[in-house]
């Protein structure tokens, strides 16, 4: 799985409340509408300007807070293929995989706002096309990569277990 797009840089401790503002709880049953507000409490310019294929690039402890599954879901609905961060909150990381959004643990210090990136989940290489550098990360376990390539856990189970969910 190889993704390419522009980086949107965020700092440390981006919480699920930054991602899916609590004041908009009434939109939880309308995720496409909630996605129009994704990360607006961290950056007002993100939601209206993010493009399909772009990357969210965070620091430490990305996704801390409540275990809202709709937080990674609305990031994905906004068109983001992967979130790159130095570290993730455990439940957020797993929720990303479960809904088909790639979480990549890597050193994000060398990635700047607007850098054009190519992320290869299989090889564990990030090419910063803007800077002409490569960064490496530990690839996700094969089972997680399969879940991501199937579009998330539910689709993975349907495809591989014969269940009709």
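Bear in mind that the values in this text are calculations on the coordinates, not laboratory data. Note that the structure is a prediction, hence the values are computed from the model and not measured. Positions of Cβ are generated from backbone atoms using ideal geometry, with glycine treated the same way; all protein chains shown enter the neighbour counts.
Once you keep just the Cα pairs under 8 angstrom separated by 6 or more residues, what percentage relative contact order results for the chain?
Values: 354 pairs, mean separation 38.1, N = 165.
Averaging sequence separation for qualifying contacts and normalising by length gives 23 percent for the chain.
Cα centroids of the stretch 40-54 and the stretch 120-156: 22 Å apart.
Report the gain in length on full extension from residue 136 to residue 4: 0.36 nm times residue separation, minus Cα-Cα distance, nm rounded to one decimal. Working shown, then result.
On the way: separation 132, 0.36 × 132 = 47.52 nm, distance 1.55 nm.
So the extension gain works out to 46.0 nm.
With contacts taken as Cα pairs under 8 Å at a separation of at least 6 residues, the stretch 43-131 carries a relative contact order of 26 percent.
Using DSSP, restrict attention to beta bridges with both residues in the stretch 2-161 and report what percent are antiparallel, rounded to the nearest 5. Can you show the working numbers first?
Values: 13 of 25 bridges.
In the stretch 2-161, approximately 50 percent of DSSP beta bridges are antiparallel ones.
Determine the calculated [θ] at 222 nm for the chain from helices alone, applying -39500 (n - 2.57) to every DSSP H run no shorter than 4 residues and normalising by the residue count; nearest 500 deg cm²/dmol. Before the final figure, lay out each step's value.
Details: 7 runs with 48 residues, N = 165.
Calculated mean residue ellipticity at 222 nm is -7000 deg cm²/dmol.
Take the Cα of residue 143, step 7 Å toward its Cβ, do the same at residue 12, and the gap between the two points is 3.2 nm. Say R0 is 41 Å: what FRET efficiency, to the nearest 0.05, do residue 116 and residue 159 get from their beta-carbon distance? Efficiency at R0 = 41 Å is approximately 0.80.
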